1. Using only C-alpha positions, report the orientation-averaged shadow area of the convex hull of region 8-101, nm², one decimal.
2. Taking the number of other C-beta atoms within 10 Å as the exposure measure, put I81, I176 in order starting with the fewest.
3. In the neighborhood of Q69, defined by Cβ-to-Cβ distances under 14 Å, what is the net charge if each Lys or Arg adds +1 and each Asp or Glu adds -1?
4. In straight Cα distance, which lysines are under 27 Å from K186, not counting same-chain residues fewer than 8 positions off?
5. How far is it, in nm, from the label point at D51 to the one at Q172 when both lie 7 Å from their Cα along the line to the Cβ?
6. Let me check I've understood the local charge: for A37, count other residues with C-beta under 12 angstrom from its C-beta, Lys and Arg +1, Asp and Glu -1. What total comes out?
7. When you count, for each residue, the other Cβ atoms within 10 Å and take the mean per peptide, how do 68-79, 22-33 rank with the highest first?
8. Mind giving me the FRET efficiency for D24 and H98? R0 is 35 Å, r the Cβ-Cβ distance, nearest 0.05 is fine.
Amino acid sequence: MVSPEVPFPELLQLARAGDRDALDRLVRTYEADVRIAARVLLGPALRPHLDTVDLVQSVHRSLMLGVRQDKFNVASPAQLIALALTIVRRKVARKWRHHRRQLPTAASANSDDVLSDVLTSLHSTETDPARAAQLREAAERVVRGLDADDRRLLELRLEGWSTAEVARLLGQNPDILRVRLHRLRKQLLDTGVLSEWL
C-alpha cells in the first residue's frame, strides 16, 4: 500500500515500476476531470456512437501505458490532469472526424444542407416531428446567415479543434477568434439550434 504522503515524483516512479497502488492513485488524480470532459466533449451527436465510460477507459489505457513506458514528462498532479484532458480531447476530435467522414460530402449534397444536418443532429434525438422540423429550419436559417469565415470556424469547432488550434490553423489572433466564437455560440443557443455547446 502506497502511503498518502508519498511525493508525486516518487509516486510516478512507483507507477512506472508497475506498482498497482501507485497506478490506482494516479488514476484517481485525474479520473473525475476526465469523466466530466468526456461527457461534455462527446455531446449529443457522438454519444450514440461512443460511450463515455469506453472513452474514459481508453484514456486510462493510453495514459497508463505512457506512464509505464516513461513517455510522459509530468512533474505534478496538475500536469497529469492537463495531459489526461489533452488525451481525451484528441480522442474525441479523432472520433468526430471519423463520424464526419461518414456524413454526405459537398459533392453529394449542398454544403448548407450538410452543415444544417450536422447541427440538427447535435441538438438531441427529437421524437416530435414538428419540433424536429422547427430545429431543422432554425439550423438552415443560421447556416444561410453565416459568412465564409464563421462557417469555417464552426466546421473546425465541430471537428473537435480547440480555439487555439483553429487560430493557428487560420492564422488569426486567438482573442479575436474567441469573440467571434462567443457570438456564434450565442446565436446557436439563442435560436435553439444547440442546447449545449461542443
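1. Its Cα hull, projected and averaged over all orientations, spans 5.7 nm².
2. Numbers: I81 18, I176 10.
So the residues, fewest neighbours to most, are I176, I81.
3. So the surrounding residues net to +3.
4. Output for K186: K91, K95.
5. That separation, rounded to one decimal, is 3.9 nm.
6. Here the charged neighbours net out to +3.
7. The most tightly packed comes first, giving 22-33, 68-79.
8. 0.65
All of the numbers you see were taken from the coordinates with simple rules; none came from a lab. Note that the structure is a prediction, hence the values are computed from the model and not measured. No Cβ is skipped: glycine too gets one built from the backbone with ideal geometry, and neighbour counts run over all protein chains shown.
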